[in-house]
Amino acid sequence: MDSEQGAPTDAAGGAQRPFPGPVSPMFADYLDGLERGVLVVRECTACAARQWPPRTLCARCRGREFRPAVIADHGLVHTFTVVHRGFDPWFADRVPYGIVVADLGDGIRMLGNYLGAELGTLVCGLPVRARYERSGGHAFVGWAPADTGPEC
Amino acid sequence: MLSGLAAGRERRERQAQITGIGESEYVRGTALSTEDLLLQAALLACADAGVEPASVDGVVVPNGKLAAESFVHALGISDLRFHAANAMGGASTAAAVMIAAAAVISGQASRVVVAAGGTQYSGGRRLSSADGSAATFSWPAQDLRTHLERPYGLTVPMQWYSLQATRWLHETGADPAGLRAVALAARDHAHSNARAWFRDRPLTAEQYDSAPYVVFPFRLYDICLESDGAAAVLVEPATASGHGGHRSVVLLGGGEGHADVPDDLVSRPDMLELGLTKVARRVFAELGLAATDVDFAQIYDCFTFVVLRQLEELGFCKRGEGSDYVLDAGIGPGSTVPVNTHGGLLAQAHIAGMNHVVEAVRQLRGDAGAAQLARADLGLVTSYGDMSAGSLLVLAAA
């Protein structure tokens, strides 16, 4: 992912969407998954426990070796917020925007922006599915209502 | 009951007391530095305690805002025996007072200054700013912040806690009107405090309701002030005889608490759990007290929602009933257990919650001026920060 820093931006000279620099090795498989349009968590090679978010040690067996595991990319809105004020230059131009915590089962929750057409439709328990966005040469996950098709 | 808790030589040897309090000016706009403000507050705390600053032998600085060496120079400390800095965001303050207490009870130090605050408004980095400067603050688990949150526009504490607030409203069916009640009560208390930024500036329900959402479900007046200022306390063993001529204020107990998955709200199995959930249960059981026994509560109020949740976890009411509690029993002037008699972070100033500790001491001494409660023998103070870490102090007039 570090090699993408020279990629074309969507707003030359303007603010860039925040992206980690440098990328932590523990997150490399996850970020690579976003590039391919899949959600990748970690799985302990010793005990097969799923791990999210990435941590140095496995919480079950203290193992330190992990392999990537693709998970289903749909779930339910566990909670959300709608942001009306910018706290970052890139997002300041995009208010109001929604932030969703999607519960994907097996104790895994992931955060992302709400990609539904209307912020007013956002409620806890709403079925959502992952959608993948690109900005500044990087991929990001977002959450759209599950009943919207991939081309909406 | 109180005399039983605070009295007895054997018990006193395991307790600390707060013998001095100091506060700088609380303003929005200053030419002073964080160092200047912290040292000023520390010197005032020594003067209030009636001790020579040079006799201080311990320094605790929440979040390490200033190096202990700076206190050595400014106070003229000849033999610094103990220093510590902790890192729990806003929750560091009450926890730092407990570190100081542990130091004097164990004999590692005899006079420990704890100073908090800084130039939150004028220092060039505001959490409310759109310039992204919040990203330069030191948060726990920075990799989670930079890889999983900031790319989605989640940058500041009010956003973290808004995720808990939405879940709280959904899961418990809590009444959102409790948020407004906390905001109005803070302003009501502020009228009795000479240092309060919002003194003589009342807030009406209509003004609250017509203010815009900043981060749903938080409106403008659900969010605390950003301030410049510092406050400090001097902690000594409970067995030390006071020199300041004040009523003695004893730390009966306290401690810190960290929720499950303490650095990640998103993945916390019970997203509503707080650090205070654990420490309150522990401390009240140790003391044989309940939260409802106190005469006042100074509760860390970075956001109105955080007050409601802490009231619930302290045990004033059940989870989901915080709004009912503040709407029915009340927390304003004249209520059974008034909350934040100085106006708090919402209406007095954001002094990292050390202003809550100072106000608790004033109440217990009987020196709180127009805000003085008729009965103030037992009180509690909470601090709150980062991903809902918590700390708690229980104090009594002895």
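The values are calculated or read from the model by the stated rules, or taken from the named source; none is laboratory data. Being a predicted model, the structure only gives us computed values, none of them experimental. All Cβ positions, even for glycine, are placed from backbone atoms using ideal geometry, and neighbour counts span all protein chains on display.
Taking the range B:314-365, which residues are acidic (Asp, Glu) and farther than 30 Å from residue B:118 by Cβ? Please lay out each step first, then the result.
Of the residues in the range B:314-365, the ones acidic (Asp, Glu) are B:321, B:324, B:328, B:359.
Selection gives B:321, B:324, B:328.
Which number in (1) closer than 29 Å to residue B:107 by Cβ; (2) surrounded by fewer than 23 Cβ atoms within 10 Å (Cβ to Cβ) marks the one condition that residue B:25 misses?
(1)
Evaluate the range B:246-259: report whether one residue or more is within 14 Å of chain A (Cβ to nearest Cβ), within 18 Å of the chain's Cα centre (by Cα), closer than 23 Å to residue B:388 by Cβ and buried (at least 18 other Cβ atoms within 10 Å of the Cβ).
Our first condition is that a residue be within 14 Å of chain A (Cβ to nearest Cβ); within the range B:246-259, this holds for none.
Within the range B:246-259, not a single residue is within 14 Å of chain A (Cβ to nearest Cβ), within 18 Å of the chain's Cα centre (by Cα), closer than 23 Å to residue B:388 by Cβ and buried (at least 18 other Cβ atoms within 10 Å of the Cβ).
Give the residues of the range B:203-247 that are under 24 Å from residue B:62 (Cα atoms) and in contact with a Lys or Arg (Cβ under 9 Å, 6 or more places away or on another chain), sorted by residue number. So that I can check it myself, show each step before the final result.
We begin by selecting, within the range B:203-247, every residue under 24 Å from residue B:62 (Cα atoms); these are B:223-238.
Passing the criteria: B:225, B:226, B:227, B:228, B:229, B:230, B:234, B:235, B:236, B:237, B:238.
I'd like the full set of residues that are more than 18 Å from the chain's Cα centre (by Cα) and assigned to a helix (DSSP H, G or I), limited to the range B:308-366.
Residues satisfying the conditions are B:322, B:323, B:324, B:325, B:326, B:327, B:328, B:365.
Only one of (1) touching a helix residue (DSSP H, G or I) at 6+ places or on another chain (Cβ under 6 Å); (2) within 22 Å of residue B:383 (Cα to Cα) fails for residue B:94. Which number is that?
Of (1) touching a helix residue (DSSP H, G or I) at 6+ places or on another chain (Cβ under 6 Å); (2) within 22 Å of residue B:383 (Cα to Cα), only one is false for residue B:94: (1).
So, in the range A:110-140, of the ones that are in a loop (DSSP other than H, G, I, E, B) and not small (Gly, Ala, Ser), which residue ends up nearest to the other protein chains (Cβ to nearest Cβ)? Let's see the steps before the verdict.
We begin by selecting, within the range A:110-140, every residue in a loop (DSSP other than H, G, I, E, B); these are A:115-118, A:122-126, A:136-137.
Next, only the ones that are not small (Gly, Ala, Ser) stay: A:115, A:118, A:122-124, A:126.
Values: A:115: 11, A:118: 14, A:122: 9, A:123: 8, A:124: 4, A:126: 11 Å.
Among residues in the range A:110-140 that are in a loop (DSSP other than H, G, I, E, B) and not small (Gly, Ala, Ser), the one nearest to the other protein chains (Cβ to nearest Cβ) is A:124.
Out of everything in the range B:191-222 that is among the hydroxyl-bearing types (Ser, Thr, Tyr) and part of a loop (DSSP other than H, G, I, E, B), what residue ends up being farthest from residue B:339 (Cα to Cα)?
Quick first cut of the range B:191-222, residues among the hydroxyl-bearing types (Ser, Thr, Tyr) only: B:192, B:204, B:208, B:210, B:213, B:221.
Restricting the remaining residues to those that are part of a loop (DSSP other than H, G, I, E, B) gives B:192, B:204.
Working: B:192: 13, B:204: 19 Å.
Ranking the qualifying residues of the range B:191-222, first place goes to B:204.
State all residues of the range A:35-80 that are in a loop (DSSP other than H, G, I, E, B), touching a Phe, Trp or Tyr at 6+ places or on another chain (Cβ under 7 Å) and farther than 18 Å from residue A:128 by Cβ; if no residue qualifies, say none. Before you say what the answer is, go through the steps one by one.
Initially, the range A:35-80 is screened for residues in a loop (DSSP other than H, G, I, E, B), giving A:37-38, A:45-49, A:52-65, A:72-73.
Then keep just the ones that are touching a Phe, Trp or Tyr at 6+ places or on another chain (Cβ under 7 Å); that gives A:37, A:45, A:54.
Hits for the range A:35-80 are A:45, A:54.
Can you list residue pairs whose Cβ atoms sit under 7 Å apart, with the first residue in the range B:127-156 being within 14 Å of residue B:265 (Cα to Cα) and more than 7 Å from chain A (Cβ to nearest Cβ) and the second being in a helix (DSSP H, G or I) and modelled with pLDDT of 95 or more? Count only pairs 6 or more apart in sequence or on different chains.
B:139/B:145
From the residues in the range A:83-129 that are among the β-branched types (Val, Ile, Thr) and surrounded by 20 or more Cβ atoms within 10 Å (Cβ to Cβ), which one is farthest from residue B:151 (Cα to Cα)? So that I can check it myself, show each step before the final result.
Here is the first cut: in the range A:83-129, the residues among the β-branched types (Val, Ile, Thr) are A:83, A:95, A:99-101, A:108, A:121, A:123, A:128.
Going one step further and asking which of them are surrounded by 20 or more Cβ atoms within 10 Å (Cβ to Cβ), we end up with A:83, A:99-101, A:128.
Working: A:83: 14, A:99: 11, A:100: 13, A:101: 14, A:128: 19 Å.
Going through the qualifying residues, I end up with A:128.
Yes or no, residue by residue, for (1) in contact (Cβ under 8 Å) with a residue 12 or more places away in the chain; (2) within 14 Å of the chain's Cα centre (by Cα); (3) more than 11 Å from chain B (Cβ to nearest Cβ):
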site	(1), (2), (3)
A:67	yes, no, yes
A:81	yes, no, no
A:89	yes, no, no
A:94	no, no, no
A:99	yes, yes, no
A:108	yes, yes, no
